[in-house]
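The values are calculated or read from the model by the stated rules, or taken from the named source; none is laboratory data. Predicted, not measured: the structure shown is a model, and the values here were computed from it. Virtual Cβ from ideal backbone geometry, glycine too; neighbours counted across all protein chains shown. Just the protein is used for accessible areas: all its heavy atoms, side chains included, with ligands, DNA and RNA removed. Shrake-Rupley method; radii C 1.70, N 1.55, O 1.52, S 1.80 Å.
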Amino acid sequence: MNTNYSFWIYKSASLLPLEWNSLASDNIFLTKEYLEVLENSSPVNMTCHFIGLFEEEKLIGIVLTQFLFAEKLESFGERDKCLKTSVRNFALKNFASHVLFVGNNMLTGQNAFIFDKNVKQSKVIKILHKAITQLKKDLKSSGKKVHITSIKDFTAEEIKPLQAEFKNNYTFSTQPNMIFEINKNWKTEQDYIDALSKKYRDQYKRARKKSEGIIKQKMSLIDIRKYEDVIYELYFHVAKNAPFNTFFLARNHFSFFKEIMKENFLLYGYFLDEKLIGFNTLIKNGDVMDTYFLGYDESIQREKMLYLNMLYDMIAYSVKKGFSTIVFARTALEIKSSVGAKPVKMYGLITHSNALINHNIARFFNYLEPKTEWQERNPFK
């Protein structure tokens, strides 16, 4: 008997089938609520689609895609000003301005899809392939030709079934995901401090001493709305000065996130002389704590070691609340390593619509992805 497999592409989270969240129970980033946040406060240059994969009438897979179009992007990142950066920006604008991500370009890790555990994975991936092909056709018919398709972020094991189906795609690896595994015996921040070697305990003490005078405050929805413009300016300053960017958040992103996700989304403000000088955000994802976007006043950040203190605060909170893991994501690899995060190599698949470029995609990719040199630290005894 032939089983009937199919897919459906949804343009709005409000249209998702009722059983969607039953598959998303292990990952908050694929729940209807989070997808509603994405849909209603996504970056100006991003359009989200949600794909349901079906066996007969039964939902067996849920997928997130993000279509990014760079013509609405003010900057790809302003920190590095050199010839290679200029070449990269030219390449991005002319050959990679329309990118379809299967996954979430705003996070690090496998947040692309979840499949029913009782269904043969290779079969569901075949339907996924057909759905992506159809989505690209739909986008082209609406005047948005996809230049690049990228499926991200996977560990070495997770990528294998996708490589088997998406044979013409180039497998790439970008900056690692910085993962902090919390020792099961730790119950308080002091337990973490005691586990550090003398050099890194001294670093901790120095950072905490530098932060004297700063008041940290957990911010409610009312607080976030009150400080929305300041929060956005602090975020935008950090984002704009990153070496590479493909999007900037919408101004209402944090308040909308808090409104929908409530206590699963935390925003902490850092105040000096009653002025908001920085903030960070956390997302509870089961027993995993995901760090999210942050922002700070650069001049005070240096003087007060604010970023390092934020990392320590995230660890302290996660230990106290009994989380097993902290996902520190990409960027600032060395400083995250200095507090105890370990790099996990991540992989993705990429293909270009232009056959000549696709043939040379490995070389082309080197222009799109800035290399980062860094030294791994080991802060524990």
**Prompt:** Going through the stretch 326-381 one residue at a time, which ones are in contact with a Pro (Cβ under 8 Å, 6 or more places away or on another chain) and open to solvent by less than 40 Å² (accessible area, probe 1.4 Å)?
**Reply:** L333, S337, S338, V339, G340, M346, P370
**Request:** Please verify whether the stretch 225-233 includes one or more residues that are touching a strand residue (DSSP E or B) at 6+ places or on another chain (Cβ under 9 Å), open to solvent by less than 30 Å² (accessible area, probe 1.4 Å) and within 27 Å of K258 (Cα to Cα).
**Result:** yes
**Asked** Using beta carbons and a limit of 8 Å, which pairs, at least six apart or on different chains, have the first residue in the stretch 165-177 and within 15 Å of I148 (Cα to Cα) and open to solvent by 40 Å² or more (accessible area, probe 1.4 Å) and the second one part of a helix (DSSP H, G or I) and modelled with pLDDT of 95 or more?
**Response** T171/I159; T171/Q163
**Request:** Name every residue in the stretch 328-381 that is more than 30 Å from A316 (Cβ to Cβ), touching a residue at least 40 places away in the same chain (Cβ under 8 Å) and in a loop (DSSP other than H, G, I, E, B), in order of residue number.
**Result:** S353, N354, E369, P370
**Prompt:** Assuming K93 fulfils every condition listed in (1) within 20 Å of the chain's Cα centre (by Cα); (2) modelled with pLDDT under 95; (3) farther than 21 Å from T31 by Cα apart from one, which condition is it?
**Reply:** (1)
**Request:** Select from the stretch 259-289 the residues that are over 21 Å from L311 (Cβ atoms) and either open to solvent by less than 20 Å² (accessible area, probe 1.4 Å) or among the hydroxyl-bearing types (S, T, Y) (or both) and list them in ascending order.
**Result:** M261
**Message:** Report every pair of residues separated by at least 6 positions or lying on different chains whose Cβ atoms are under 9 Å apart, first residue within the stretch 19-30 and over 11 Å from G52 (Cβ atoms), second modelled with pLDDT under 95 and among the small types (G, A, S).
**Reply:** F29/G109
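Conditions tested, residue by residue: (1) open to solvent by 80 Å² or more (accessible area, probe 1.4 Å); (2) touching a residue at least 12 places away in the same chain (Cβ under 8 Å); (3) polar (S, T, N, Q).
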position	(1), (2), (3)
K117	yes, no, no
K120	yes, no, no
I125	no, yes, no
K130	yes, yes, no
K136	no, yes, no
K140	yes, no, no
K145	yes, yes, no
I151	no, yes, no
E157	yes, no, no
**Prompt:** Take the residues of the stretch 27-49 that are of a type in the set (S, T, Y) and in a helix (DSSP H, G or I): which is surrounded by the fewest Cβ atoms within 10 Å (Cβ to Cβ)?
**Reply:** S41
**Item:** Some residue of the stretch 178-186 being crowded, with 17+ Cβ neighbours inside 10 Å, closer than 29 Å to N252 by Cα, modelled with pLDDT of 95 or more and hydrophobic (A, V, I, L, M, F, W, C)
**Value:** yes
